[in-house]
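Visitor: Got a structure for you, questions after.
What follows draws every value from the coordinates through simple rules; no lab data is involved. If you're wondering where the values come from, they're calculated on a predicted model, not measured in any experiment. Cβ coordinates were reconstructed from backbone atoms using ideal geometry, including for glycine residues, and neighbour counts include every protein chain displayed.
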Number of protein chains: 2
Amino acid sequence: MQNFEFKNPTKILFGKGQIENLGKEIPKGAKVLMLYGGGSIKKNGVYEQVKQGLNGFEYLEFSGIPANPEYEVLMQALKIIKEENITFLLAVGGGSVIDGTKFLSSAALYTGTEPWDILRKSIRTEKGMPFGAVLTLPATGSEMNSGAVITRAETQEKLGMGGPGLFPEFSILDPQVVASIPKRQLANGITDAFTHVLEQYMTYPVQAYLQDRFAESILQTLIEIAPRVIKDPADYEAAANFMWCCTMALNGLIQKGVPGDWAIHAMGHELTALYGIDHARTLAVIAPSHYRYFLKSKKEKLAQYGARVWGVKGATTEEIAKAAIAKTEDFFHSLDINTKLSEYTDQYQGTAEKIAKRFTDRSWMGLGEHKTLTPSDAEKIVEMSY
Amino acid sequence: MQNFEFKNPTKILFGKGQIENLGKEIPKGAKVLMLYGGGSIKKNGVYEQVKQGLNGFEYLEFSGIPANPEYEVLMQALKIIKEENITFLLAVGGGSVIDGTKFLSSAALYTGTEPWDILRKSIRTEKGMPFGAVLTLPATGSEMNSGAVITRAETQEKLGMGGPGLFPEFSILDPQVVASIPKRQLANGITDAFTHVLEQYMTYPVQAYLQDRFAESILQTLIEIAPRVIKDPADYEAAANFMWCCTMALNGLIQKGVPGDWAIHAMGHELTALYGIDHARTLAVIAPSHYRYFLKSKKEKLAQYGARVWGVKGATTEEIAKAAIAKTEDFFHSLDINTKLSEYTDQYQGTAEKIAKRFTDRSWMGLGEHKTLTPSDAEKIVEMSY
């Protein structure tokens with residue numbers, strides 16, 4: 001087991017009707033900016049519940065935070081925060097709204113002239129404006145971690161930020177919100193959480209037995225509840241497990257003491273940038289090829305996953321490892337998630353070279369758990385994903 | 001899944017050599033009281049490492065906190081805290097030292113006249129004097145939770161306390177400390193953590209699939225590493241998993257969203273009070289009888305545990321459940337932990353009636369996940385444990 005530090009101070013309020021406790025969690029006398037996306041919260045009743053919870057607080061609303069939170073849009077919100085002397089931010093939405101709110105939390109207290117520097121210069125946020133979240137879309141885990149990804153259309157950049165000041169003070173998770181989420185987004189959420197776990201697990205064994213089993217627990221639970229969630233998102237118990245799995249998949253716990261990969265995300269991000277494919281679907285395209293390409297170095301963990309999570313039996317480690325990859329593909333297919341790039345775009349030819357070039361053009365740090373994945377490896381993996 | 005709230009702000013520093021980071025975690029300018037027990041830390045090198053870490057801080061030492069932290073002893077430490085204007089407490093030890101420090105954290109800021117009232121009147125600690133811990137004995141989980149149990153010899157009382165103000169600011173977990181722990185205490189620690197998990201898991205199914213699997217993960221890992229830890233406590237990887245399991249067994253995570261039992265602890269406490277049997281061993285005495293007695297209401301979870309944790313196969317749920325109880329006994333025996341009261345005392349006759357009477361004499365709230373366990377049930381369970 002590797003050495004680690006772990007601290008996660010976010011308070012979770014989980015379950016039916018928890019939105020009604022919102023008011024108790026916001027500091028008395030706070031002036032609140034409520035942030036949300038395209039208005040789906042007005043259709044599923046969350047908007048009304050949140051307004052009820054904000055009773056007694058002075059607050060303003062800012063809507064229209066897009067799916068990949070845009071710097072330009074967020075800068076409009078920042079203007080309001082400053083002009084109106086906002087003291088508390090409330091994100092009501094999925095990962096994009098929460099990530100956007102994290103940027104605002106940091107930018108509100110940032111003393112430099114250009115808030116984009118927080119991202120471009122990787123400035124760690126030690127202290128941000130306090131904020132909370134009401135989660136409406138389980139997937140990214142942003143509700144219980146301190147990271148965010150922000151997009152700047154103008155410069156075609158998509159950059160990450162983080163720091164101990166960016167944990168939500170609280171997040172409210174009411175699984176009843178799952179009932180109104182479209183099937184496509186449910187499938188994306190399951191795939192996203194599943195791949196989050198794989199990125200932290202599918203590396204090489206370091207005798208971190210408990211972390212391995214926690215990771216497998218999330219994978220097994222996602223596999224167990226996926227058909228129920230897809231069939232009937234109003235199935236509360238399935239939705240509750242789905243929601244808690246997504247949070248636990250990326251709140252820091254399972255990554256502690258073990259190596260992490262995250263190369264699938266790096267390659268997937270490029271597919272989103274090039275073709276606008278949903279983030280989760282790019283992961284499902286890359287993951288099987290990535291694991292086949294690195295079968296040799298990952299086969300122990302692949303076989304452990306195959307045996308424990310899928311109950312695969314086989315004569316050799318390699319046999320079980322290969323079967324585990326096939327099972328993973330089958331799982332994505334069962335969610336109506338395609339796993340080949342050519343199923344998303346006709347213009348897939350040349351993508352591998354393009355991505356390799358994009359990687360080469362950057363100051364290349366190496367990817368994966370050994371930091372040895374090269375642009376040429378990426379080229380081969382993407383080509384295998386056609 | 002039941003509704004829940006979860007917040008655990010303790011920072012964990014885990015791994016080899018982490019004690020050297022101690023100084024970075026204590027607020028600058030703090031005046032520290034270092035608290036420890038009987039001096040085992042002077043034999044295993046921890047004392048020197050901690051003193052090194054406290055370099056540059058003004059600090060005092062208070063030693064001699066006994067195995068069940070005594071009110072009278074703690075009151076002497078409280079006097080020092082007040083007279084010397086201590087601002088930060090540092091527990092260096094196992095659950096008893098950390099629990100004692102939690103009492104002091106609360107008492108230091110308590111404005112009433114009699115600090116025992118915090119326990120007797122169950123006063124929740126919203127804010128305590130900040131404290132940290134260097135863990136030297138994995139078992140109780142106190143290093144990452146906000147509860148404590150304090151004993152008052154004078155009145156034969158052993159009472160619990162807690163509150164959000166009693167989470168350690170940080171806890172340092174260096175698994176290298178396990179190497180010098182006597183076998184008896186290692187076996188106790190494994191049994192304690194194992195039973196902590198059982199108390200939160202062995203109730204009835206509520207479709208909390210992820211919590212169930214996390215609980216099973218801790219049990220499976222304890223079973224996996226127990227023989228290695230007992231055989232060679234210097235086996236770092238086994239020790240690391242042991243330590244992290246103990247912390248995760250009682251840091252709040254696995255109890256969220258599920259019913260809890262805790263009747264085994266209630267009955268076990270009485271055996272410690274009557275005969276001075278080690279806490280963990282009383283749990284091993286009570287648990288098998290408790291599960292046999294409540295086989296009907298617990299058989300679904302017992303069978304799930306039997307199948308998933310022990311790989312038991314059987315024709316019926318009841319058959320698997322019974323085999324699971326036997327496996328649990330075998331596990332305790334493998335640690336040289338006796339599971340019958342008569343193996344600890346010759347004077348076991350009449351114990352069941354005594355405990356039932358003690359329970360009856362108190363304002364009885366009912367025990368177990370349904371709060372329906374009566375003194376008469378306890379009598380039968382204890383009798384089955386002879």
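Visitor: With respect to the axis carrying B onto A, what is the closest chain B residue by Cβ position, and how many angstrom separate it from the axis?
Guide: B:P9, 2
Visitor: As a footprinting exposure proxy, order B:K299, A:K327 by other Cβ within 10 Å, with the fewest listed first. Don't skip to the answer; put the middle values down first.
Guide: Values: B:K299 21, A:K327 16.
In increasing order of surrounding Cβ atoms, one gets A:K327, B:K299.
Visitor: Here's something else I'd like to know. Test of understanding: ordering B:R281, A:R124 by Cβ neighbours within 10 Å, fewest first, what list do you get?
Guide: Lowest count first: A:R124, B:R281.
Visitor: Between rounded, prolate and oblate, where does the stretch A:182-384 land on the alpha carbon gyration tensor, with a ≥ b ≥ c its root eigenvalues, rounded for a/c under 1.5, else prolate if a/b exceeds b/c? Walk me through the numbers before you get to the answer.
Guide: On the way: a/c = 1.60, a/b = 1.19, b/c = 1.35.
It comes out oblate by the Cα gyration axes.
Visitor: Taking 0.36 nm per residue of sequence separation and subtracting the Cα-Cα distance, how much length would be gained by fully extending the chain between A:I223 and A:K16, in nm to one decimal?
Guide: Details: separation 207, 0.36 × 207 = 74.52 nm, distance 2.33 nm.
That works out to 72.2 nm of additional length.
Visitor: Where does helix A:375-384 land angle-wise versus the long Cα axis of chain A, in degrees 0 to 90, nearest 10?
Guide: Helix A:375-384 sits at roughly 80 degrees to that axis.
Visitor: Sort shortest first the distances from B:D361 to its counterpart in every other copy, using label points 7 Å along the Cα-to-beta-carbon line, and give them in nm.
Guide: Computed spacing set for this position: 8.2 nm.
Visitor: Round to the nearest 10 and give me the degree value, 0 to 90, for the angle of helix A:71-83's Cα axis relative to the longest principal axis of chain A.
Guide: 30
Visitor: Now for a different question. Report the residue, chosen from A:A91, A:A263, A:A284, that carries the largest GNM mean-square fluctuation when chain A is represented by alpha-carbon nodes joined by springs under 10 Å.
Guide: With Cα springs under 10 Å in chain A, the top fluctuation among A:A91, A:A263, A:A284 is at A:A263.
Visitor: Still on this model: Using the Karplus equation 6.51 cos²θ - 1.76 cosθ + 1.60 (θ = phi - 60°), what ³J(HN,Hα) coupling, rounded to whole Hz, does each residue of the stretch B:54-65 give in order, writing x for Gly and Pro?
Guide: Using θ = phi - 60°, the values come out as 8, 3, x, 9, 7, 8, 10, 10, 9, 10, x, 6 Hz.
Visitor: Using amide H atoms built 1.01 Å from N in the peptide plane, name the residues 5+ places from A:V312, or on other chains, whose amide H lies under 5 Å from its own.
Guide: Amide H to amide H, under 5 Å and 5 or more residues apart or across chains, A:V312 pairs with A:A307.
Visitor: In terms of modelled amide H atoms, which long-range or inter-chain residues lie less than 5 Å from the amide H of B:L60?
Guide: B:V32, B:L33, B:M34
Visitor: If I take R0 = 41 Å and measure r between the Cβ atoms of A:K28 and B:T360 in this structure, what FRET efficiency does the formula 1/(1 + (r/R0)^6) give, to the nearest 0.05? Working shown, then result.
Guide: Values: r = 46 Å, r/R0 = 1.11.
My answer for the efficiency is 0.35.
Visitor: Just report the Cα centroid separation between the stretch B:12-66 and the stretch A:241-295, whole Å.
Guide: Spelled out, the Cα-based centre of one part sits 41 Å from the other.
Visitor: Tabulate in residue order the Karplus-calculated ³J(HN,Hα) for the stretch A:269-281, using 6.51 cos²θ - 1.76 cosθ + 1.60 with θ = phi - 60°, rounded to whole Hz; enter x for Gly and Pro.
Guide: For the stretch A:269-281, the Karplus curve yields 4, 5, 5, 5, 4, 7, 10, x, 6, 3, 3, 4, 5 Hz.
Visitor: Would you mind ranking B:D117, A:D336, A:D261 so that the residue whose beta carbon has the fewest other beta carbons within 10 Å leads the list? Before the final figure, lay out the partial values.
Guide: Numbers: B:D117 13, A:D336 10, A:D261 24.
Ordered by Cβ neighbours within 10 Å, fewest first: A:D336, B:D117, A:D261.
Visitor: Using the Karplus equation 6.51 cos²θ - 1.76 cosθ + 1.60 (θ = phi - 60°), what ³J(HN,Hα) coupling, rounded to whole Hz, does each residue of the stretch B:210-216 give in order, writing x for Gly and Pro?
Guide: After applying 6.51 cos²θ - 1.76 cosθ + 1.60, I find 5, 4, 4, 5, 4, 4, 4 Hz.
Visitor: List the residues whose amide H sits under 5 Å from the amide H of B:V134, counting only those 5 or more places along or on another chain, with H placed 1.01 Å from N in the peptide plane.
Guide: Close amide H contacts, sequence-distant or interchain: B:A91, B:V92, B:G93, B:I172.
Visitor: Same structure again: Rounded, prolate or oblate: which one fits the protein assembly as shown, using the alpha carbon gyration tensor with axes a ≥ b ≥ c (rounded when a/c is under 1.5, else prolate when a/b beats b/c, else oblate)?
Guide: Working: a/c = 1.69, a/b = 1.39, b/c = 1.22.
Prolate, because a/c is 1.5 or more and a/b exceeds b/c.
Visitor: Same structure, new question: Can you figure out the FRET efficiency of A:K121 with A:E353, using R₀ = 30 Å and their beta-carbon distance, to the nearest 0.05? List each step's numbers first, then the result.
Guide: On the way: r = 31 Å, r/R0 = 1.02.
That pair, A:K121 with A:E353, gives E of 0.45.
Visitor: Here's something else I'd like to know. So which lysines pass the test for B:K121, namely a Cα distance under 18 Å, with those fewer than 8 places away in the same chain ruled out?
Guide: Of all the lysines, those that pass the test against B:K121 - Cα under 18 Å, at least 8 places apart if same chain - are B:K102, B:K158.
Visitor: Given only helices, namely DSSP H runs of n ≥ 4 each adding -39500 (n - 2.57), what is the per-residue ellipticity at 222 nm of chain B, to the nearest 500 deg cm²/dmol? Mind dumping the intermediate values first?
Guide: Numbers: 14 runs with 183 residues, N = 386.
The per-residue figure over chain B is -15000 deg cm²/dmol.
Visitor: Let me know the charge dipole size of the protein assembly as shown about its Cα centre in debye, to the nearest 20, where only the beta-carbon of Lys, Arg (+1) and Asp, Glu (-1) is charged. Before the final figure, lay out each step's value.
Guide: Values: 82 positive and 88 negative charges, 11 e Å.
With only Lys, Arg, Asp and Glu charged at Cβ, the dipole is about 60 debye.
Visitor: Follow-up question, since we're still on this one. Rank B:S289, B:S105, B:S63 by mean-square fluctuation in a GNM of chain B with C-alpha springs under 10 angstrom and give only the top-ranked residue.
Guide: Of the options given, B:S63 has the highest mean-square fluctuation.
Visitor: Of A:G147, A:G368, A:G268, which is the most mobile in a GNM of chain A whose springs link Cα atoms less than 10 angstrom apart?
Guide: A:G368
Visitor: Provide an ascending nm list, one decimal, of label-point separations from A:E20 to the equivalent residue in each further copy; define each label point as 7 Å from Cα along Cα→Cβ.
Guide: Relative to the other copies, A:E20 has label-point distances of 5.5 nm.
Visitor: Expressed as an acute angle from 0 to 90° and rounded to the nearest 10, what is the orientation of the C-alpha long axis of helix A:295-310 relative to the principal long axis of chain A?
Guide: Compared with the principal axis, the helix lies near 70 degrees.
Visitor: If R0 is 51 Å, what FRET efficiency do you get for A:K231 and B:I80 from their C-beta distance, rounded to 0.05? Walk me through the numbers before you get to the answer.
Guide: Values: r = 64 Å, r/R0 = 1.25.
Using R0 = 51 Å, I get an efficiency of 0.20.
Visitor: Once label points are set 7 Å from the Cα along Cα→Cβ at both B:A315 and A:K42, what is their separation, rounded to one decimal in nm?
Guide: Taking the two extended label points, one gets 6.5 nm.
Visitor: Another one. What are the label-to-label distances in nm, one decimal and shortest first, from A:R308 to the same spot in the other copies, with labels 7 Å along Cα to Cβ?
Guide: Nearest first, the other copies' label points are 1.3 nm away.
Visitor: Another one. Other chains' Cβ within 10 Å of A:212-224 residues: what's the mean?
Guide: Going residue by residue through A:212-224 and averaging, the value is 4.
Visitor: OK, next. Hey, rough spin-label estimate for A:A153 and B:Q52, points 7 angstrom out along Cα→Cβ, what's it come to in nanometres?
Guide: 5.7
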